[in-house]
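Below is one structure, written out as C-alpha cells; the observations come after it.
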C-alpha cells in the first residue's frame, strides 16, 4: 500500500483505505473515493494531482492525496 501521491501516472490503482479524521474521510467518499474504487492519476503539478475516479476528473492537493492509500489494480 502507498499514498495516492506516489502512484504512477496513467496506471490504474485500487483504493485500499482512506486515512485521517472523519471529515476528511467523508469528503473523499463524497468525491467517489471508497475502498475498491479504481483511480488513475492523469497529471501531477507541484505535488497536486488531477485524477480520474468513477469516470470523473478531479483535482486533489497533495495533503488530500496522502490520505488515500492505494495498491496497483489487480493485486
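Check residue 2 against each of (1) surrounded by fewer than 18 Cβ atoms within 10 Å (Cβ to Cβ); (2) touching a helix residue (DSSP H, G or I) at 6+ places or on another chain (Cβ under 7 Å) and name the one condition it does not meet. Of everything listed in (1) surrounded by fewer than 18 Cβ atoms within 10 Å (Cβ to Cβ); (2) touching a helix residue (DSSP H, G or I) at 6+ places or on another chain (Cβ under 7 Å), residue 2 misses just condition (2).
Just checking, which of 72, 52 is touching a residue at least 40 places away in the same chain (Cβ under 8 Å) and out of contact with any helix residue (DSSP H, G or I) (no Cβ under 8 Å at 6 or more places or on another chain)? Give the derivation first.
Working: 52 fails: touching a residue at least 40 places away in the same chain (Cβ under 8 Å).
Exactly one residue qualifies, and that residue is 72.
Once region 30-39 is narrowed to residues that are touching a strand residue (DSSP E or B) at 6+ places or on another chain (Cβ under 7 Å) and without any contact (Cβ under 8 Å) to a residue 24 or more places away in the chain, the residue that is nearest to residue 55 (Cα to Cα) is 37. For the residues 11, 23, the requirement of being surrounded by fewer than 14 Cβ atoms within 10 Å (Cβ to Cβ), more than 9 Å from the chain's Cα centre (by Cα) and in contact (Cβ under 8 Å) with a residue 12 or more places away in the chain singles out 11.
So is residue 69 surrounded by 14 or more Cβ atoms within 10 Å (Cβ to Cβ), closer than 14 Å to residue 19 by Cβ and at pLDDT 95 or above or not? Quick ask: steps written out before the conclusion?
Working: surrounded by 14 or more Cβ atoms within 10 Å (Cβ to Cβ): yes; closer than 14 Å to residue 19 by Cβ: yes; at pLDDT 95 or above: yes.
Yes; evaluated as a whole, the condition is true for this residue.
Here is the figure for region 33-59: residues that are under 15 Å from residue 20 (Cα atoms) and crowded, with 17+ Cβ neighbours inside 10 Å total 1.
The values are calculated or read from the model by the stated rules, or taken from the named source; none is laboratory data. The structure presented is a predicted model; accordingly, all values stated were derived computationally and were not measured. With ideal geometry, Cβ positions are generated from the backbone for all residues, glycine too; neighbour counts draw on all protein chains shown.
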